[in-house]
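Contents: one structure, followed by commentary.
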Amino acid sequence: MKRQTGSEFIFQLFALLVSVILVHAIYVSMIRPTANALLEEQMARQAAGENYVVQRSMYVVLRDYEQEACFILMFWALAIMGMKTANGMSERRLLEQKLLPIDNSTSVLPEDTRGLSRSLEQLPAAEQSRLLPRALKAALQRFGSTHKISDTANVVKEVCEAESDRLDSELAMVRYIAWAIPSIGFIGTVRGIGEALGQAHRAVEGDIAGVTVSLGVAFNSTFVALVISIVIMFFTHQLQLLQERLVLDTQSYCDDYLLKQLKAD
């Protein structure tokens, strides 16, 4: 488990680095140059006194630093959730296998648990660390030592509950990102309104271009942040549902393929 935790930490750092590089490269090479050109054209037309309808461009909506930070966090969160989804799917594949050499007509006695535990120990090390093999092994060890089916059922429940708590705690970073994204959007709102107020005297004189751009920063940053937050929360709930189903299905597997075959002395 320590090795897995360390590898997940390294993956998260690498995912953050890649997200920063990719998003910043897209902004520097495409989004900001295009948005700046559009804004300069609009200001030139306003200065010339032309009557035209300002077209709302996605480049202008996305151009500011707050939106860039939101996209960096979004791709970082999606990478973390993608890794956890892949781990969950690997866990689910074990539920489709028959890990113990017993069937519905077999009665498992306390003295049989040692041999059944050896079949689990023959699994690859990566699979032994997953939830289902750990729950089955703990159940066999408890039944072999106590000879009580109720204690065996309790240890399965305890292992599954501990895994559920661990999975939930590991989503703390994703939840923090989902909270941080709207906060960054509100920072952009405050910055934009502050800049607009600083140019209020120019608006009184008839030059509203600077105020318009600053108010665009305020509203665009909040708009983008809220949309991204909705997307992140949707995938977060889907991942949480996958993990909860995994724990429940593991308990059902242990009940169907082990606990029902146990026979106390």
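The values are calculated or read from the model by the stated rules, or taken from the named source; none is laboratory data. Owing to the predicted nature of the structure, the values given are computational and were not obtained by experimental measurement. A quick note on method: Cβ atoms are made from the backbone with ideal geometry, for glycine too, and the neighbour counts reach across all protein chains shown.
Quick check: is even one residue across the stretch 153-162 more than 21 Å from residue 88 (Cα to Cα) and surrounded by fewer than 15 Cβ atoms within 10 Å (Cβ to Cβ)? Yes: the stretch 153-162 contains one or more residues that are more than 21 Å from residue 88 (Cα to Cα) and surrounded by fewer than 15 Cβ atoms within 10 Å (Cβ to Cβ).
Restricting to the stretch 71-109, what's the tally of residues that are among the β-branched types (Val, Ile, Thr) and under 15 Å from residue 8 (Cβ atoms)? Of the residues in the stretch 71-109, 2 are among the β-branched types (Val, Ile, Thr) and under 15 Å from residue 8 (Cβ atoms). Pairing residues of the stretch 109-122 that are part of a helix (DSSP H, G or I) with residues that are among the basic types (Lys, Arg), at Cβ distances under 6 Å and at least 6 apart in sequence or on separate chains, gives 117/137; 120/137.
Inspection of the stretch 132-144 finds a residue satisfying the criterion of being on the phi < 0 side of the Ramachandran plot, under 26 Å from the mean Cα position of the chain (by Cα), among the charged types (D, E, K, R) and at pLDDT 90 or above.
Checking 108, 54, 61 one by one, the residue that is closer than 20 Å to residue 221 by Cα, modelled with pLDDT under 90 and either surrounded by 13 or more Cβ atoms within 10 Å (Cβ to Cβ) or of a type in the set (D, E, K, R) (or both) is 61 and no other.
Test residue 145 against the criterion of being part of a helix (DSSP H, G or I), out of contact with any strand residue (DSSP E or B) (no Cβ under 9 Å at 6 or more places or on another chain) and surrounded by fewer than 19 Cβ atoms within 10 Å (Cβ to Cβ), and give yes or no. So residue 145 fits the description; yes. Within the stretch 111-128, the set of residues being of a type in the set (A, V, I, L, M) and either surrounded by 12 or more Cβ atoms within 10 Å (Cβ to Cβ) or closer than 17 Å to residue 251 by Cα (or both) comprises 116, 120, 123. Test residue 79 against the criterion of being more than 26 Å from residue 252 (Cα to Cα) and modelled with pLDDT of 85 or more, and give yes or no. Taking the combined requirement at face value, the residue satisfies it. When 131, 136 are screened for being touching a residue at least 12 places away in the same chain (Cβ under 8 Å), more than 21 Å from residue 9 (Cα to Cα) and crowded, with 20+ Cβ neighbours inside 10 Å, only 136 passes.
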